[in-house]
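Colleague: Just passing along the structure, written as structure tokens.
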Amino acid sequence: MSLKNITLIGFLYAFFFSAYGQQNVYFRFNQLGYRPLDQKEIFIVSEAELDECNVFIYERLNNRKVLEIQAVKMKKGYYELEHIYSLDISPIQNPGVYYLKYGETQSGSIRIEDNVYVGAADYLLQYLRSRRCGYNPYFGKSCHTDDGIIIYHPERSGEKIDVTGGWHDASDYLQYVTTSANATYQLLFAYEQNPHAFADAYDARGDAGSNGIPDIIDEAKWGLDWLVKMNPEPGVMFHQIADDRDHRSFDFPYADTLDYGYGKGKERPVYFVTGEPQGLMHYKNRSDGKANIAGKFASCFALGSEVLKPFYPEFAASLLPKAVAAFKEGEAFPGVCQTAPCRAPYFYEEDNWVDDMELAAIQLYQRTANEEYLEKSLRYAAEEPVTPWMAKDSVSHYQYYPFVNLGHYYLSKETGGKSAGAYYKEGLLEHLERGRENIFNNGIPFVWCSNNLAAAMLTQMKLYSNNQSPLPGLNTTEASLRDWLFGKNPWGTSMVVGLPENGDYPEDTHAAISHYSDAEPWGGLVDGPVYGTIFSSLKGVKLSENDEYAGFQTSRVVYHDDWADYSTNEPTMDGTASLTYYLSSLVSASLPEIKGEITRGAITRGDTSKKKIALIFTGHDRAEGYEKVNTVLATNKVKASFFLTGDFYRNPDFREMIGSLREQGHYLGGHSNKHLLYCSWEDRDSLLVDRENFEKDLRENYKIMATHGIKKEDAYYYLPPYEWYNDKISQWTSDLGLKLINHTPGTHSNQDWTVPEMGEGYFSNDKIWDQIMTYEKEKGLHGFQLLLHFGTDPARKEKFYNRLEELINDLKDKGYEFVRIDELHV
């Protein structure tokens, strides 16, 4: 890992390496952020004992010191990490972006906002899209379109069958119903529970562009389409495509030329569910039934028949009969169908199946109201009240799967929380007890894919706390486990690739995307830390370079950001999907929803369903039209938004003007200090300022605004100079606790500064007027952020602001309401 996010950004180095102060100390915290009322415990890891540990907390935008806290040394360390100090910043609840400072060591950004988790679950879907088989939107190419050839079927072996679709399991190209069905169910469940948390920015193929359907539904439908292929008719179930012969190659999916005996890059074997041991070469699994696979099919089809009804009514209606048939197959063949090994001894050693049948039965009860399904679900639940891994320190790979029993949740809802609620509580108590053994409150067994277990435990915690009586210590442990996934761990890294963008996250994952391109498997949840004994025992696991986390490894647990370590640093499709529920549950349904448009991270339009317009004016060195504009706004009782540079706020000739605008209730915001051009006109992605200069300029803008009584919380929206920016500028703005906005394109109202000498580039008043009215007639100005200037070059003789009153009256007559920018987005 190159630590590019740190070295390129001078003062963010302390995400992993501290500054060169008197002591080497390292901050460990949730880099994604905290909601105002969250518990916010931060750890400081030191290489030596600290005589004093007074930590100062600053607001990032203005470098204002807001608090001094003395960190408390933990009574015990974390194995070889002996000097760990705890810092509770929970009292800080004001929204903003902060940083910590101890001596000369400064932390990265600590975000406190209600909306810190907004969009996080959608971000995970990027990884699912990158794992799509068939058409893959990440590469814009298709793969494995010839799948496949049936094997293990008593009568149809050797027959070709169309099973293209679904997701590749991890960084290889195997496909399993075991994990894919669970992933599909998790996506459906996340949307069922938290529909408000998901956006629509991609179409059904996974390409950028809205299709009127939430992206998580698009992804779940992709999974269901494949599951239908894998269970095409009653009694015919397939559970796996390809096998570990796949591991002979490590390349992009469309470049997969492996030969399974049917030709290079051609068909792959499709494993029929026999209920008996399978394995074509040296190793075999321990299969003894079909119920786990049948239960997974049934539960996905049953829930899908309900959740997809508003989007795909005919397809949804076809799923319920398939669910009933799959459940019957599970009842007829109890036991497990494990994934099939081949050349290596590793496979998903799923030993339990009653949890799958419990979930399928309760789903069928909810769809049919047939009491027999409820009784069966209760019986299955009693056979496995606690998912077994929750009571163990170590288990085999995927031995008890899925890692969370969602059947208990539905049963608890149907039965008033009696037995099923107690089952959840018992599992949580096991975790709480083991968590007391370490300062991170982490009771997860550090087996292969420990992060998947963490996501499952967080799900169970959230479901229990939402529906049962309080459990002492649960909120604290949930916060600790959540923070663990996003940086409050010995290594100081988020476990989700790319989240947050300017945090420390895996950059050298065991993935072809990472290894052979400049991109990463964005959104992927990596396997996570394992016991050192597991790392040292696995075949083919190694380190390709020096361990950058060597100083934070312990004899107990290790994690490596190294592509050659597939045990800790490989993203998994099912683990990523399983985190969508928990992250979406952290998004409050009461949060204001931005229903407009976002372009490269900036809000460029408000709610397009409402006839509201925000008039925006920008100013830097001219204001000759102020009196005219001010009079028109006052006469017509319109509140507008003014975004002004630091030079404007600083100009003594404009001071009275600014005071008047404030008194009249207009919105006043920032527009940079010196009206810098942030990025090239020719290449928008080419920055003309570095982060340090950007932040310095913006801070100066807000510093002079403060002398006019304008606080940061009063000026949350920031408009870039020249209305020109890119994704990086949007992110940097966000990292200072502000939100970038821009004008809505299409009317060219912002060209009212042009002069006749520009020839064809000149926009006369009539031309601007005509374009505004034409756009309104053809498309509407609903939610428009209409930008004008109240000061322009003297060479422009006609001033568009002279037509402002005509514009306002005309648009009012058409039913539009004029509001401030902050009122447009609520």
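Colleague: Somewhere in region 333-341, is a residue touching a residue at least 12 places away in the same chain (Cβ under 8 Å), of a type in the set (Val, Ile, Thr) and more than 20 Å from residue 231 (Cα to Cα)?
Modeller: Restricting attention to region 333-341, the residues satisfying the condition of being touching a residue at least 12 places away in the same chain (Cβ under 8 Å) are 333-341.
Narrowing the set further to residues that are of a type in the set (Val, Ile, Thr) leaves 336, 339.
Narrowing the set further to residues that are more than 20 Å from residue 231 (Cα to Cα) leaves none.
No; the residues of region 333-341 include none that is touching a residue at least 12 places away in the same chain (Cβ under 8 Å), of a type in the set (Val, Ile, Thr) and more than 20 Å from residue 231 (Cα to Cα).
Colleague: Restricting to region 662-715, name every residue that is of a type in the set (S, T, N, Q) and in a loop (DSSP other than H, G, I, E, B).
Modeller: The initial filter retains those residues of region 662-715 that are of a type in the set (S, T, N, Q), namely 664, 672-673, 680, 686, 693, 701, 707.
The answer is 664, 672, 673, 680, 686, 707.
Colleague: Okay, next question. Return yes or no: is residue 126 within 20 Å of the chain's Cα centre (by Cα) and modelled with pLDDT of 95 or more? Steps first, please.
Modeller: On the way: within 20 Å of the chain's Cα centre (by Cα): yes; modelled with pLDDT of 95 or more: yes.
Considered against the rule, which asks whether it is within 20 Å of the chain's Cα centre (by Cα) and modelled with pLDDT of 95 or more, residue 126 comes out as yes.
Colleague: Moving on to the next point. Can you tell me which condition residue 155 does not meet? The list is (1) closer than 21 Å to residue 230 by Cβ; (2) not in a loop (DSSP other than H, G, I, E, B), and all the others hold.
Modeller: (2)
Colleague: Something else: Please count how many residues of region 262-302 are more than 34 Å from the chain's Cα centre (by Cα) and hydrophobic (A, V, I, L, M, F, W, C).
Modeller: So the count comes out to 4.
Colleague: Search region 305-322 for residues that are under 14 Å from residue 363 (Cβ atoms) and pair each with any residue that is hydrophobic (A, V, I, L, M, F, W, C) and not in a helix (DSSP H, G or I) when their beta-carbon atoms are under 9 Å apart and the residues are at least 6 apart or on different chains.
Modeller: Here the result reads 316/308; 319/308, each pair linking region 305-322 to a residue that is hydrophobic (A, V, I, L, M, F, W, C) and not in a helix (DSSP H, G or I).
Colleague: Among (1) crowded, with 19+ Cβ neighbours inside 10 Å; (2) of a type in the set (A, V, I, L, M); (3) outside the structural domain of residue 436 (by TED's automatic domain parsing), where does residue 151 come up short?
Modeller: It is condition (3) that residue 151 fails.
Colleague: For region 499-552, what are the residues that are buried (at least 24 other Cβ atoms within 10 Å of the Cβ) and under 20 Å from residue 344 (Cβ atoms)?
Modeller: Hits for region 499-552 are 510, 511, 527, 530.
Colleague: Which count do you get for residues in region 416-428 that are surrounded by fewer than 16 Cβ atoms within 10 Å (Cβ to Cβ) and over 15 Å from residue 384 (Cβ atoms)?
Modeller: The number of residues fulfilling the criteria is 2.
Colleague: Return the only residue of 157, 130 being buried (at least 24 other Cβ atoms within 10 Å of the Cβ) and of a type in the set (S, T, N, Q).
Modeller: Values: 157 fails: buried (at least 24 other Cβ atoms within 10 Å of the Cβ).
Every option except 130 fails the conditions.
Colleague: Sticking with this one: Need the failing condition index for residue 344 against (1) closer than 18 Å to residue 449 by Cβ; (2) among the hydrophobic types (A, V, I, L, M, F, W, C); (3) modelled with pLDDT of 95 or more, just the number.
Modeller: The failed condition is (3).
Colleague: Quick check on region 708-720. Is at least one of its residues aliphatic (A, V, I, L, M), closer than 30 Å to residue 659 by Cβ, crowded, with 20+ Cβ neighbours inside 10 Å and over 27 Å from the mean Cα position of the chain (by Cα)?
Modeller: Yes; the residues of region 708-720 include at least one that is aliphatic (A, V, I, L, M), closer than 30 Å to residue 659 by Cβ, crowded, with 20+ Cβ neighbours inside 10 Å and over 27 Å from the mean Cα position of the chain (by Cα).
Colleague: Also, quick follow-up: Just one of 821, 768 is farther than 13 Å from residue 613 by Cα and among the β-branched types (Val, Ile, Thr); which is it? Show your work before the answer.
Modeller: Numbers: 821 fails: farther than 13 Å from residue 613 by Cα.
Every option except 768 fails the conditions.
Colleague: Which of the residues that make up region 121-142 are farther than 15 Å from residue 522 by Cβ and in contact with a Gly (Cβ under 7 Å, 6 or more places away or on another chain)?
Modeller: Quick first cut of region 121-142, residues farther than 15 Å from residue 522 by Cβ only: 133-135, 140-142.
If the condition is that a residue be farther than 15 Å from residue 522 by Cβ and in contact with a Gly (Cβ under 7 Å, 6 or more places away or on another chain), then 133, 134, 142 are the ones that fit.
Colleague: Also, I was wondering about something else. Between a residue in region 143-155 that is at negative phi and modelled with pLDDT of 95 or more and any residue that is surrounded by 15 or more Cβ atoms within 10 Å (Cβ to Cβ) and of a type in the set (S, T, N, Q), which pairs come within a Cβ distance under 7 Å, given they are 6 or more apart or on different chains?
Modeller: Pairs found: 143/136; 145/164; 147/164.
Colleague: Sticking with this structure for a sec: If we only count strands (runs of 3 or more DSSP E) wholly inside region 15-127, which ones have 2 or more residues that are crowded, with 21+ Cβ neighbours inside 10 Å, touching a residue at least 24 places away in the same chain (Cβ under 8 Å) and among the aromatic types (Phe, Trp, Tyr)?
Modeller: Per the criteria, 25-28, 96-102.
Colleague: Quick check, is residue 251 outside any strand (DSSP E or B), farther than 19 Å from residue 581 by Cα and at pLDDT 95 or above?
Modeller: no
Colleague: Right, next: Kindly check whether there is at least one residue in region 729-742 that is on the phi > 0 side of the Ramachandran plot, touching a residue at least 24 places away in the same chain (Cβ under 8 Å) and in the same structural domain as residue 635 (by TED's automatic domain parsing).
Modeller: Of region 729-742, the ones on the phi > 0 side of the Ramachandran plot are 737.
Adding the requirement that they be touching a residue at least 24 places away in the same chain (Cβ under 8 Å) leaves 737.
From the residues that got through so far, the ones that are in the same structural domain as residue 635 (by TED's automatic domain parsing) too are 737.
Yes, some residue in region 729-742 is on the phi > 0 side of the Ramachandran plot, touching a residue at least 24 places away in the same chain (Cβ under 8 Å) and in the same structural domain as residue 635 (by TED's automatic domain parsing).
Colleague: Within the group 32, 67, which residue is touching a strand residue (DSSP E or B) at 6+ places or on another chain (Cβ under 6 Å) and closer than 19 Å to residue 103 by Cα? Can you show your working first?
Modeller: Working: 32 fails: closer than 19 Å to residue 103 by Cα.
When all the criteria are applied, what remains is 67.
Colleague: Please verify whether residue 701 is more than 22 Å from residue 111 (Cα to Cα), in contact (Cβ under 8 Å) with a residue 12 or more places away in the chain and crowded, with 21+ Cβ neighbours inside 10 Å, treating the condition exactly as stated.
Modeller: Values: more than 22 Å from residue 111 (Cα to Cα): no; in contact (Cβ under 8 Å) with a residue 12 or more places away in the chain: yes; crowded, with 21+ Cβ neighbours inside 10 Å: yes.
It is false that residue 701 is more than 22 Å from residue 111 (Cα to Cα), in contact (Cβ under 8 Å) with a residue 12 or more places away in the chain and crowded, with 21+ Cβ neighbours inside 10 Å.
Colleague: Right, something else. Give just the number: which of (1) more than 22 Å from the chain's Cα centre (by Cα); (2) in the same structural domain as residue 29 (by TED's automatic domain parsing); (3) not basic (Lys, Arg) does residue 108 not satisfy?
Modeller: Failed condition: (1).
Colleague: Show the residue pairs meeting these rules: Cβ distance below 8 Å; 6+ apart or different chains; first residue within region 808-826 and closer than 10 Å to residue 640 by Cα; second residue β-branched (Val, Ile, Thr).
Modeller: 818/613; 818/638; 818/808; 819/613; 821/616; 821/741
Colleague: Kindly indicate which of 412, 377, 394 is modelled with pLDDT under 95 and surrounded by 17 or more Cβ atoms within 10 Å (Cβ to Cβ). Reasoning before the result, please.
Modeller: Values: 377 fails: modelled with pLDDT under 95; 394 fails: surrounded by 17 or more Cβ atoms within 10 Å (Cβ to Cβ).
After ruling out the rest, the residue left standing is 412.
Colleague: Can you find even one residue in region 627-643 that is in contact with a Gly (Cβ under 8 Å, 6 or more places away or on another chain) and farther than 17 Å from residue 753 by Cα? Show your work before the answer.
Modeller: First, the residues of region 627-643 that are in contact with a Gly (Cβ under 8 Å, 6 or more places away or on another chain): 639, 641-643.
Narrowing further to those that are farther than 17 Å from residue 753 by Cα: 639, 641.
Yes, that holds for at least one residue.
Colleague: Still on this model: Answer yes or no as to whether residue 774 is within 38 Å of the chain's Cα centre (by Cα), modelled with pLDDT of 95 or more and either within 20 Å of residue 666 (Cα to Cα) or surrounded by fewer than 16 Cβ atoms within 10 Å (Cβ to Cβ) (or both). Working first, answer last.
Modeller: On the way: within 38 Å of the chain's Cα centre (by Cα): no; modelled with pLDDT of 95 or more: yes; either within 20 Å of residue 666 (Cα to Cα) or surrounded by fewer than 16 Cβ atoms within 10 Å (Cβ to Cβ) (or both): yes.
When the stated conditions are applied, residue 774 does not pass them.
Colleague: Could I ask something else about it? Across region 190-218, what is the total count of residues that are of a type in the set (Gly, Ala, Ser) and touching a Gly at 6+ places or on another chain (Cβ under 9 Å)? Steps first, answer last, please.
Modeller: Here is the first cut: in region 190-218, the ones of a type in the set (Gly, Ala, Ser) are 190, 197, 199, 201, 204, 206, 208-210, 212.
Now restrict to residues that are touching a Gly at 6+ places or on another chain (Cβ under 9 Å): 197, 199, 201.
The number of residues fulfilling the criteria is 3.
The values are calculated or read from the model by the stated rules, or taken from the named source; none is laboratory data. Bear in mind the structure is a predicted one, so any value in this text is a computation, not a measurement. Glycine gets a Cβ as well: all are built from the backbone with ideal geometry, and neighbour counts include every protein chain shown.
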